[in-house]
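Visitor: Below is the structure I would like to discuss, written out as structure tokens.
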Amino acid sequence: MTTTIDKMTEKPKKTPKQKAWGIVKTLLLYGLMFAIIYTAVNWWRQPVMPANPQLQLMDYQGQSIDLAAMSADKPTLVYFWGTWCPICSVTSPTINTLAAENNYPIVTVAIKSGSNQELAGYLKEHNYNFTTINDQQGAIFDDWQGQVTPSYVILKDGEMSQGLTGIQPLWSLKLRLWLSSVF
């Protein structure tokens, strides 16, 4: 392989293959940096399980929900969201799809989303069929030290096995639930 030299800089000229490899390395480096930063921010913002969590709750229709019992059988996804949250309008259809598959229990907590009637109207308007607890004052979310919506918690045997925030694709949630059932 012969190397040509740029007369102006006295440096070897890069071949197209070397240029392409340089671009690939740069993209991989930036991708790795993004993944590290994203993971760190997600870890920092994730909900934190309270010392004495309230796991026996009522949904907006007055039905009793026992998260500890639900998570004893299978990992249970708890999804914190709000009707006012623009990102939640992207993630809630994914949660609805996951709940419809009925492979894992899904319980959602609507934070500061109005009265039970207003919440029922919103759920009906968007064809959401997931189990929903109405956290009218945000006390449940505050108890979990929630910082951002949407946030997710996976419970296994009444204990938090994972916590995450932001947009999560369906495959990621399925993988996380499966991993919580295995480990």
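The values are calculated or read from the model by the stated rules, or taken from the named source; none is laboratory data. What you are looking at is a predicted structure, and each value in this text was computed from that prediction instead of being measured. Cβ coordinates were reconstructed from backbone atoms using ideal geometry, including for glycine residues, and neighbour counts include every protein chain displayed.
Visitor: So which of LEU57, LEU32 ends up being modelled with pLDDT of 90 or more and closer than 19 Å to PRO150 by Cβ?
Guide: Values: LEU32 fails: closer than 19 Å to PRO150 by Cβ.
Answer to the selection: LEU57.
Visitor: Limited to the range 129-143, what total is found for residues that are loosely packed, with under 14 Cβ neighbours inside 10 Å and not in a helix (DSSP H, G or I)?
Guide: 2
Visitor: Show the residue pairs meeting these rules: Cβ distance below 6 Å; 6+ apart or different chains; first residue within the range 83-94 and without any contact (Cβ under 8 Å) to a residue 60 or more places away in the chain; second residue part of a loop (DSSP other than H, G, I, E, B) and surrounded by 15 or more Cβ atoms within 10 Å (Cβ to Cβ).
Guide: THR83/SER113
Visitor: Show me the helices (runs of 4 or more DSSP H) entirely contained within the range 32-128 in which 3 or more residues are surrounded by 20 or more Cβ atoms within 10 Å (Cβ to Cβ) and not hydroxyl-bearing (Ser, Thr, Tyr).
Guide: It comes to 88-101.
Visitor: Collect the residues in the range 124-151 that are closer than 20 Å to ARG45 by Cα, without any contact (Cβ under 8 Å) to a residue 12 or more places away in the chain and not small (Gly, Ala, Ser), keeping them in residue-number order.
Guide: Within the range 124-151, just ASP142 meets the criteria.
Visitor: May I ask you to verify whether TRP43 is within 21 Å of GLN147 (Cα to Cα) and modelled with pLDDT under 90?
Guide: Considered against the rule, which asks whether it is within 21 Å of GLN147 (Cα to Cα) and modelled with pLDDT under 90, TRP43 comes out as yes.
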